[in-house]
Amino acid sequence: MPHNTQQVPYGYEPPVDKFRGTLIYYDSFENTTDEQLEQAATIAEQMHFDRLVLYPLHEQTVKRMSKAPVSPFYKREDRLHEWKRDIGRKDIIIENWEGKRKKYTPIEAALRTLTDHYASPYFLLMTPAMANLFASFSTFEEWIVKISLVLTERPRQLHPRLEKYASRWRVAGEKRSPEEKPEA
């Protein structure tokens, strides 16, 4: 097998990738304000993510997860598209896989699809309530080693599994050393 040699000037260092991975905002987006969406876009920018993926949940998924009333998927998706047009950013993607399925989608199926389609590493942006709900699922321990969580704000209560995997999540905007654990 022939080797392909390449000549570079003395002292050349390859450029460092400025952007990395995917930030996935997993939420129903029922009560999400424009300010919260802008905060998510700012988090993606500050943490140097390649893209921000907004993943709205189908109404059947929301009803099974939280039993909260929610408007139809297409209305929430249209609002996200309108917000994206208003800010004019190309690195934000609105994922409509659940809208195409038109039924309940377990979080592990959604994560499997997202990790197949987007670049790693993967960070999941969630509200504290959604993170506690995710931690209550049996597949949480399988997924928390593959992805990291970014919480929109400091949680008031922590699920025991979130406490156990404190090194795998952080609060957006807070800086901490790798050895430091988040406060409960």
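The values are calculated or read from the model by the stated rules, or taken from the named source; none is laboratory data. Given the structure is predicted, the values throughout are model-derived calculations rather than measurements. Positions of Cβ are generated from backbone atoms using ideal geometry, with glycine treated the same way; all protein chains shown enter the neighbour counts.
Is it the case, given these coordinates, that Val70 is on the phi < 0 side of the Ramachandran plot, crowded, with 19+ Cβ neighbours inside 10 Å, in a loop (DSSP other than H, G, I, E, B) and of a type in the set (A, V, I, L, M, F, W, C)? Spelling it out, Val70 is indeed on the phi < 0 side of the Ramachandran plot, crowded, with 19+ Cβ neighbours inside 10 Å, in a loop (DSSP other than H, G, I, E, B) and of a type in the set (A, V, I, L, M, F, W, C). Within segment 109-150, being of a type in the set (Val, Ile, Thr), crowded, with 19+ Cβ neighbours inside 10 Å and part of a helix (DSSP H, G or I) holds for one residue alone: Ile144.
Select from segment 88-100 the residues that are out of contact with any strand residue (DSSP E or B) (no Cβ under 6 Å at 6 or more places or on another chain) and buried (at least 16 other Cβ atoms within 10 Å of the Cβ) and write down the one among them that is farthest from Arg20 (Cα to Cα). Steps first, please.
Start the filter on segment 88-100 by keeping residues that are out of contact with any strand residue (DSSP E or B) (no Cβ under 6 Å at 6 or more places or on another chain), which leaves 88-90, 96-100.
Now restrict to residues that are buried (at least 16 other Cβ atoms within 10 Å of the Cβ): 96, 98-99.
Details: Asn96: 23, Glu98: 25, Gly99: 27 Å.
For segment 88-100, the residue satisfying everything is Gly99.
Which is touching a residue at least 12 places away in the same chain (Cβ under 8 Å) and β-branched (Val, Ile, Thr), of Thr32, Thr105, Thr5? Exactly one of Thr32, Thr105, Thr5 is touching a residue at least 12 places away in the same chain (Cβ under 8 Å) and β-branched (Val, Ile, Thr), namely Thr105.
Screening segment 15-42 for residues that are more than 24 Å from Val70 (Cβ to Cβ) and not polar (S, T, N, Q) and picking the one that is surrounded by the most Cβ atoms within 10 Å (Cβ to Cβ) gives Gly21.
Among the listed residues Tyr12, Tyr55, identify the single one that is free of Cβ contacts under 8 Å to residues at least 60 places away in the same chain, surrounded by 11 or more Cβ atoms within 10 Å (Cβ to Cβ) and either within 13 Å of the chain's Cα centre (by Cα) or not in a helix (DSSP H, G or I) (or both). When all the criteria are applied, what remains is Tyr55. When Arg76 is tested against (1) surrounded by fewer than 21 Cβ atoms within 10 Å (Cβ to Cβ); (2) over 17 Å from the mean Cα position of the chain (by Cα), only condition (1) is not met. Scanning segment 116-131 for residues that are of a type outside the set (A, V, I, L, M) and touching a helix residue (DSSP H, G or I) at 6+ places or on another chain (Cβ under 7 Å) yields one hit, Tyr122.
Results for (1) of a type in the set (A, V, I, L, M); (2) at pLDDT below 95; (3) out of contact with any Leu (no Cβ under 9 Å at 6 or more places or on another chain); (4) closer than 21 Å to Leu133 by Cα, shown as yes or no for each residue.
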residue: Ser28; (1), (2), (3), (4): no, yes, no, yes
residue: Ala44; (1), (2), (3), (4): yes, yes, no, no
residue: Phe49; (1), (2), (3), (4): no, yes, no, no
residue: Ser66; (1), (2), (3), (4): no, yes, no, yes
residue: Leu80; (1), (2), (3), (4): yes, no, no, no
